[in-house]
Every structure is written in C-alpha cells, then in structure tokens.
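Everything on this sheet refers to the single structure shown next.
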C-alpha cells in the first residue's frame, strides 16, 4: 500500500499537510505515516536530564499524534502510523523515505507568511532531485473546503 508521509511539528501549516495526506489516502486507498523528528539540541544536557527530556518529548509527540489519529480514523477511515526519529529534521525525513519503501509521497505544509514557506519546505525542495518520491506542498492557509475539493 502506498503511504503518504507527513511531518508532525509545531507549525500552523502542519495541520493542512496532515489533513491533505489523510484525505488523499482515504480517496486513493492509501495509508498515512506521520513522522516526528526530535532535534538533537534538545538533549545537550547531562545524560540523566537528556533522557528525561527525550522521554517527555516522545510523550508530547504521542499525545499530539493521537489527536490527529483520532480525526483520521473517525472522519477519513484511515489508521495512521507514527514514526519518531531523533536528529536533524531534513536528514531524518530523507532517511525515513529511504528506509520505508511503501512511502510514495512526502506531504509538507508551506507557511503563508512573508518569511517564506518554512525551513523544511525550503531545504527539502533543494534536495528534491535526490528523493525517490514526489513532494506535495500544501499551502498552510488553504481552507478545509478547498482541501476537500482538491483531494
């Protein structure tokens, strides 16, 4: 089954990317894999403190994921998977794509402010030629109605 990989982070545009991935998966018989990346700078502390912070980050990610997973199951009939990686976000996204041959599309949300589309979109589009799959970029300010119409 082809899976849509979507990145879970604290950005506003993440919501539209998750919605798009779930709707496309529902309409095409695919799946959704949600990837959360814990950056390494969060754990540059003593070993015991770093371990506690790492566990807290995982718990926060799992709670955040469950909110989206419930919506996907209830509204879209899609049962998403969660993957958590630690490291630099772009490198970990690229590694996840390479490690899971079922991933068919990377879905990213683009910020709609004047600063640009966001660091992930900027960096991953630079590396798009090295990816074995296409990237779909979803505007962060796209309405729910418009998302439903295009999926």
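Within the set of pairs 6+ apart or on separate chains, which have a first residue in the stretch 63-81 that is at negative phi and in contact (Cβ under 8 Å) with a residue 24 or more places away in the chain, a second that is surrounded by fewer than 19 Cβ atoms within 10 Å (Cβ to Cβ) and assigned to a helix (DSSP H, G or I), and C-beta atoms under 7 Å apart?
Correct list of pairs: 76/26; 78/26; 79/73.
When you scan the stretch 99-145, how many residues do you find that are part of a helix (DSSP H, G or I) and more than 17 Å from the chain's Cα centre (by Cα)?
Number of matching residues: 5.
Would you mind telling me which numbered condition in (1) outside any helix (DSSP H, G or I); (2) at pLDDT 95 or above residue 63 fails?
Going through (1) outside any helix (DSSP H, G or I); (2) at pLDDT 95 or above one by one, residue 63 breaks only (1).
Being free of Cβ contacts under 8 Å to residues at least 60 places away in the same chain, assigned to a helix (DSSP H, G or I), within 15 Å of the chain's Cα centre (by Cα) and surrounded by 16 or more Cβ atoms within 10 Å (Cβ to Cβ): is that true of residue 93 here? Give the derivation first.
On the way: free of Cβ contacts under 8 Å to residues at least 60 places away in the same chain: no; assigned to a helix (DSSP H, G or I): yes; within 15 Å of the chain's Cα centre (by Cα): yes; surrounded by 16 or more Cβ atoms within 10 Å (Cβ to Cβ): yes.
Against the criterion (free of Cβ contacts under 8 Å to residues at least 60 places away in the same chain, assigned to a helix (DSSP H, G or I), within 15 Å of the chain's Cα centre (by Cα) and surrounded by 16 or more Cβ atoms within 10 Å (Cβ to Cβ)), residue 93 does not qualify.
Which ones in the stretch 68-90 are in a helix (DSSP H, G or I) and either buried (at least 17 other Cβ atoms within 10 Å of the Cβ) or in contact with a helix residue (DSSP H, G or I) (Cβ under 6 Å, 6 or more places away or on another chain) (or both)?
Kept after step one, since they are in a helix (DSSP H, G or I), are these residues of the stretch 68-90: 68-76, 89-90.
Hits for the stretch 68-90 are 68, 69, 72, 76, 89, 90.
The values are calculated or read from the model by the stated rules, or taken from the named source; none is laboratory data. Just so it is clear, the structure is predicted and the values come from calculations on it, not from any experiment. Counting neighbours? That spans all protein chains shown, and the Cβs are built from the backbone with ideal geometry, glycine included.
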